[in-house]
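No lab work stands behind these numbers, since they all come straight from the coordinates. On a predicted model such as this, the values are computed, not experimentally measured, just so you know. When we count neighbours, we look across all protein chains shown, and the Cβ atoms used for this are built from the backbone with ideal geometry, even at glycine.
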Amino acid sequence: MSDLICMGLTTLDISARPIDKLPDIQETILIENITLAPAGTAGGTALIAATLGLDVAIAAQIGDDLNGRILASEFERAAIDTAYLTLNAMMPTSTTILAIRSNGERPAFHQMGASIMTEFTPDSIAAMKTARALHFAGLGFPNLSTPQAIAALAEIKASGTFITCDLISPQPGMSDLLKVVLPHIDVFLPSEAEISVLLGGDVTPEDALVAFTQMGAKSCIVKRGGAGSIGLIDGEFHHVEAEKISVVDTTSCGDSYCAAIITGHLKGLSMQESMQFASRVAGQVALATGTLGALTADYGAAQLAKMTG
């Protein structure tokens, strides 16, 4: 039985830093580092959660190509169960090139690939029903937005699995989908940039938290980047500041926040304490390039030990 199964966007990220300008034709610019790592709202969260000490599995589709083999190999190297990582011979592996600027900004070039076709299978549903937690990180993917997918999610929730949810490039008009998904979600984790797309207009984080819990989410946390995070938990608002750091790369900060929220919950922290833990973990990730950044297993274990006494 897994502690956590992550389902949804799974990519290979190729991060290069610093890139503050494109070279002229035939020009070569020397940079500090180029990093390859599993990433995405499911893939990145899985890698970070495994680093934080959870027993993790990944449920997604990858292409039958070199990038897919690199992904599978890296998951296996991190002791992440790949039994529900399936090959799609008709599409390439989802891959992103990130040109990280000196100030931490990250223009991206994305190859849409097999991950978008991720779907529930009988085997993955059975595993999710016995897992302690499911991170449903493909909301909006075609096969994860059908009535059959929502029924599977409801079945998994009814089994007692703790379910968190993150978004993939939200589009206006997703409110109908949210209304049928959020009643099965324990913690909904949108970013501040996403809430205005989902709800329209100049909506405040507080208003968004109320709206999403009224749609059915048990709790909701808005990730606000350098402004920290704000959650609505058991009817009360909770604010947590971001770590004061010199940002190198924010690429996987949102995914690391989600991974730490789940880890904190499964390790016995309150949701408010989990938000504090998540802020610290995201701060470590932002200190270097790649999905893990400067995060280590020792750092995560030490922070959890402090918080659990």
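Taking each residue as 0.36 nm, the span from Thr296 to Asp64 lengthens on full extension beyond its C-alpha to C-alpha distance by 80.5 nm.
Backbone phi angles across the stretch 17-33, fed through the Karplus curve with coefficients 6.51, -1.76 and 1.60 (θ = phi - 60°), yield HN-Hα couplings of 8, x, 10, 9, 7, 7, x, 6, 4, 6, 8, 10, 10, 7, 10, 6, 7 Hz in residue order; Gly and Pro are listed as x.
Less than 5 angstrom separates the built amide H of Ala57 from those of Leu4, Ile5, Cys6, Asp81, all sequence-distant by 5 or more or on a different chain.
Rounded to whole numbers, the Karplus 3J(HN,Hα) couplings from phi for the stretch 148-154 are 5, 5, 5, 5, 5, 4, 5 Hz, using 6.51 cos²θ - 1.76 cosθ + 1.60 with θ = phi - 60°, and x at Gly and Pro. Distance from the alpha carbon centroid of the stretch 236-309 to that of the stretch 163-178 works out to 23 angstrom. Using C-alpha pairs below 8 Å separated by at least 6 residues, the relative contact order for the chain is 18 percent. For the chain, the number of Lys pairs with C-alpha atoms closer than 15 Å, counting only pairs eight or more positions apart or on separate chains, is 4. Placing R0 at 41 angstrom, the Cβ-Cβ distance between Ala158 and Glu32 gives a FRET efficiency of 0.25 after rounding to 0.05.
Across the stretch 217-232, coupling constants 3J(HN,Hα) worked out from phi with the 6.51/-1.76/1.60 Karplus curve, θ = phi - 60°, read 4, 5, 9, 8, 10, 9, 7, 10, x, x, 8, x, 8, 9, x, 10 Hz, and Gly and Pro carry x. Placing dummy labels 7 Å off each Cα toward the beta-carbon, the span from Ala227 to Ile97 is 3.3 nm. Stretching the chain fully between Ala193 and Ala288 yields a gain of 31.9 nm (0.36 nm per residue, less the alpha carbon separation). Would you mind classifying the chain by shape? Square roots of the alpha carbon gyration tensor eigenvalues, ordered a ≥ b ≥ c; an a/c under 1.5 is rounded, otherwise it is prolate if a/b is larger than b/c and oblate if not. Rounded, because the longest to shortest axis ratio a/c is under 1.5.
Short-range pairs are left out: with C-alpha atoms under 8 Å and at least six residues apart, the relative contact order of the stretch 68-194 is 18 percent.
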